[in-house]
1. Given H placed on each backbone N at 1.01 Å, which residues far from residue B:498 in sequence or on other chains put an amide H within less than 5 Å of it?
2. Would you mind counting up the charge near residue B:203? Only other residues with Cβ under 15 Å from its Cβ, with Lys and Arg at +1 and Asp and Glu at -1.
3. How high is the FRET efficiency from residue A:457 to residue B:308, r the C-beta distance, R0 45 Å, rounded to 0.05?
4. How far, in nm, would the chain grow between residue A:6 and residue A:324 when pulled straight, counting 0.36 nm per residue and subtracting the alpha carbon separation?
5. If you count the DSSP beta bridges with both ends in segment B:140-273, what percent of them are antiparallel, to the nearest 5?
6. Which distances in nm, rounded to one decimal and ordered from shortest, link the label point of residue A:519 to the equivalent label points in the other identical copies, with labels set 7 Å from Cα toward Cβ?
7. Quick one: ranking A:556, B:211 by accessible area, 1.4 Å probe, largest first, what do you get?
8. When a/c reaches 1.5 or more, the comparison of a/b and b/c decides; with that in mind, is the protein assembly as shown rounded, prolate or oblate per its Cα gyration tensor?
There are 2 protein chains.
Amino acid sequence: MNSLNNSYAEKAKLVRKWCLISTTEAGSGHPTSCLSAADITTVLFDKYFSYDISDPLDLYNDRFVLSKGHAAPLLYTLFGMANAYPLEELRTLRKFGSEFQGHPTPKFIYAEAATGSLGQGLSVAAGLALVAKRENLPYKTFVLLGDGELAEGQVWEAANFSSFHSLDNLIVICDINRLAQSGETMFGYDIEKYVERFKGFDFETTVIDGHNLGEIDQALKKAVTNKSGKPLAIIAKTIKGKGISFLENKEGWHGKALDKDELQKALSELGDINDNLRFQLKRPQQRQIFENNSQDHPLHFHFDKEKQYATREIFGKTISKLAESNKDIYTLDGDVKNSTFTEDFSKIFPERFVECYIAEQNMVSVAVGLSRLDKIPFVATFAAFLTRAFDQIRMARISGSNIKFVGSHVGVSIGEDGPSQMGLEDISMFGTMPDTVILQPADAISTAKLVPLMADHKGFVYMRTLRPKTQVLYENDSEFHIGGSNILRESAEDSMIVAASGITVFEALKAADELQQNGISICVIDCYSVNPVDGKTLENCCKKMEEPIIISVEDHFVHGGLGDFITESVSDKDIRVVKMGVTHISQSGTKDELLADAGIDAESICQKVKALLGSTMPLHL
Amino acid sequence: MNSLNNSYAEKAKLVRKWCLISTTEAGSGHPTSCLSAADITTVLFDKYFSYDISDPLDLYNDRFVLSKGHAAPLLYTLFGMANAYPLEELRTLRKFGSEFQGHPTPKFIYAEAATGSLGQGLSVAAGLALVAKRENLPYKTFVLLGDGELAEGQVWEAANFSSFHSLDNLIVICDINRLAQSGETMFGYDIEKYVERFKGFDFETTVIDGHNLGEIDQALKKAVTNKSGKPLAIIAKTIKGKGISFLENKEGWHGKALDKDELQKALSELGDINDNLRFQLKRPQQRQIFENNSQDHPLHFHFDKEKQYATREIFGKTISKLAESNKDIYTLDGDVKNSTFTEDFSKIFPERFVECYIAEQNMVSVAVGLSRLDKIPFVATFAAFLTRAFDQIRMARISGSNIKFVGSHVGVSIGEDGPSQMGLEDISMFGTMPDTVILQPADAISTAKLVPLMADHKGFVYMRTLRPKTQVLYENDSEFHIGGSNILRESAEDSMIVAASGITVFEALKAADELQQNGISICVIDCYSVNPVDGKTLENCCKKMEEPIIISVEDHFVHGGLGDFITESVSDKDIRVVKMGVTHISQSGTKDELLADAGIDAESICQKVKALLGSTMPLHL
């Protein structure tokens, strides 16, 4: 044991050395946050971690999630020590083009997720561990958290989730080094506070000195053999900057690299180090080639033109159908499955349904874990409540996750529940992130056709679904595609275009009928693909107009919505875009009262068309 | 005691009656969620709640926050029973124009905050309770939570905050009725799970039968005399739908009103009720007239033209200065005070500084509580991490709160830390909400001038601040206003306008210099007011151009940013707007490398100008 500990100690020195060198080379970074966790992670990697370094995506690999993403150099060094790449390359840390980003991103292929916004890693790890439980895979998931981030509520959502789902294959390592960015953490070295909290959330806990190699070894041994039915938290009391006398437990050293002189002093304190030491990772024992789960079975639906359907309900039916042939599809719910209609799925495929209860942040980051394992997670809740997880969604996007989001109850059209339940910021939220597809079907058929396209598309897709039922607009064999639109009314006499999406499509059609009675023709386009929006079709429809105008009308706040996508798509053309959308906080009322109050109902569209005609050209009467 | 209990029981029946009648009249709502909490809130209001019903803003009033906002009819009924309004008016529940919204909003003046997105009320209550502690006010704050929402991480952020700040004037009532929206909660009737969690977070706890009037009375008595230094949680085991046999503890009754026949059956079960029963609220004992805390002392700054300053640092200095004369200003921090520079403030005014640690959701909702008490909270963290609290920000906006947000480290210009730390969605996020002022000063002087305007403006204001230092652009006596801009370069020969904000102002100026050497003049405008943007000045500058073009250039994702505000502001003019912004996930690198990589540096601007000149008109060479 002593010689083993000596070997750990030597390797931990080498880990420290590279955390220090790389940050000094970069001129920035968080070396002291790496040093506090160097001992525990060295023992973990050297003795307990099973991993095929040639294949990070091997389904039998253990998983290591660095929740405290600012300790990125530690993550990089650990895998470098495991022969993932020559350690010298770490000198490119934080430099443009390097795989060694300031905080982990997918550029480093061994990172399970992008981290750096704190308190998200436990959820990602729980997602990874959940799949192992559900699919009977033997790997363990380890996650390293800092003490500062334990203040984030998401950690406790994830803790609830982990104990509720009996994830005893999940090992949570808390690096309690006392010091956060701007001062001491809430609890400093009062370790008992953390123990109480994890115990209160039904965890097994073990408290150790995070620099005592024997205690570390014992704790990890206990952890990997844990069959208690409860997840285990190792609460490690550590010293920030451990190993370098002038850094240890000192304020003012968070997020600060050593200068060259300080580095020399630090390295001389570490003493002689064998630079050739490396971890010999255990290879995962079992191996299995997985078949491609996804089969192409086109769905066939028949919707009755005489009936009305809610698009949220058709989403639920379609995803359940789709999941019969596509075994990678999971759905995640935040206790609204009877509203988003993932309830059907939950009954048919309980093994691929994940009830996250009312904890949206955890739900999104769990989906990041699922996506890492090549699942296709559909995250569904009220659109309004997806805002709860914007930071997690943002980080999932940086992670390059393949997640599908479905937000129901969009817009003022939900009616009586009032503004807190109305999704009016969701297009703006998803739209700001690069390459996010946004879809908003208006009827049953377009919904049923678009859901399979969501599943097939690699990357972020967001679908808005409606609370109220709507009439069927299309034929059962109509075709839809990402980036497409449909022209619903068109004539040679069209004076302008009304581009709508979702509920406003029906208002636009009503407006077209009313205007027609006054001898005014308008072109009505269903922009079911909000992003990318079908600028080409819009432009083509404009060609016959002398002074072309597109009115965009949407049940969303006016900034950041469909109107802005349309404006951008025709910005190099001589086309005027007039945006209609919600401009004030709404209230309770009927759907029709609220559409009128928001100025996005048929009547408002008629008035706008007439006003624009009056201002730009004589009426064709 | 028995006669008192009889009186409570009778009043609770009347409370139930109106929760049932109002939701049936509305045809929707959550009567069963009201009924589970009817007994405990009746005893609270009838015996323990001190409140001047004629003045909801009286600073000595006790506070009642309904975190489980879907029980809005209960909130309304309680205040109706306290003679706030004639109960008959409750028949307008959920109808257009009514003060009785589906979920509480400021239309009901007795609501401390808009609720309905779950898990936020404890934070609001903690904000209210904190002010009482800090300012030695005697009122108690009560908050009613549902069991479903205890899964939200924010609740545990707020729990940490409350125990850390020793808020023993805060009484948390948990209505454990077992049933959430779509099924049983995570823990059902396993009451001990909640006790363990609150105990683990350093709360005093009391478990009661939430329908036993004697137990309720004892628990509340203990609560209002609590001097333990710890907040107290009353964990009440209750029955959803309590009091009506066919509703009690039944699934399928969440968010569902009774039809007329069911209502009649329910009312007959309640039996004879004296409709004249009312609560006689205790009046708060102490009264005091508060002086106006805000005094107008113009600030004087002197910045050295030769030096560079980071706008985040000048924000910190200015807010500290401003707080000398304006005693209503509070600042709230999420453990980044040394980066946002609220650190100075924390040292000078510790009594008005609130360290929220790394828990942004709680921080924002605490600010809602402060705003309700007429404080002016400045919430400052990294812009990227404000996304963590989008739902809370959204609800704060619905609450009509007067909160100032400051997001530092915006854009790719932060450099080496990489994409997780870059605020690139913040303008889109704040911009989507109606009437939100967005400011982005580029230099020290504009920052120092705009911060006091933020404080004076009633409503939401968001300021973006920069990580890197920038040169001084303005004179110490330059003037700035919300909705304003500054023309930095202008000539009669300008071929187009470059509208920039923040860091890109300096890129635009560099571009102007470079272009000038090629004989191309451009107009450069500093849009320090992003929303409202100064469309008038932009338009005026366009007048001299034959085919006017505005290039907007911003360090923000291209959708939902400054460019979209500018486009909207000139949409009815014959002006082409070309948006330049960030279109892909960035990485680590130097500021200049990343501005170039994002295509928003001086060189990219030059190329864009030249390309546009090539495509639209011959060069004036």
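1. For residue B:498, the qualifying residues are B:523, B:524, B:525, B:551.
2. +2
3. 0.50
4. Once the chain is fully extended between residue A:6 and residue A:324, it gains 109.1 nm.
5. Around 5 percent of the beta bridges assigned by DSSP in segment B:140-273 are antiparallel ones.
6. 5.5
7. Sorted by accessible area, descending: B:211, A:556.
8. Taking the square roots of the gyration eigenvalues as a ≥ b ≥ c, the protein assembly as shown is rounded.
The values are calculated or read from the model by the stated rules, or taken from the named source; none is laboratory data. These figures come from a predicted structure and were not determined experimentally. We place every Cβ from the backbone using ideal geometry, glycine too, and count neighbours over all the protein chains shown. For the accessible areas, the whole protein counts, side chains as well, though only heavy atoms, and no ligand, DNA or RNA atoms are used. Shrake-Rupley method; radii C 1.70, N 1.55, O 1.52, S 1.80 Å.
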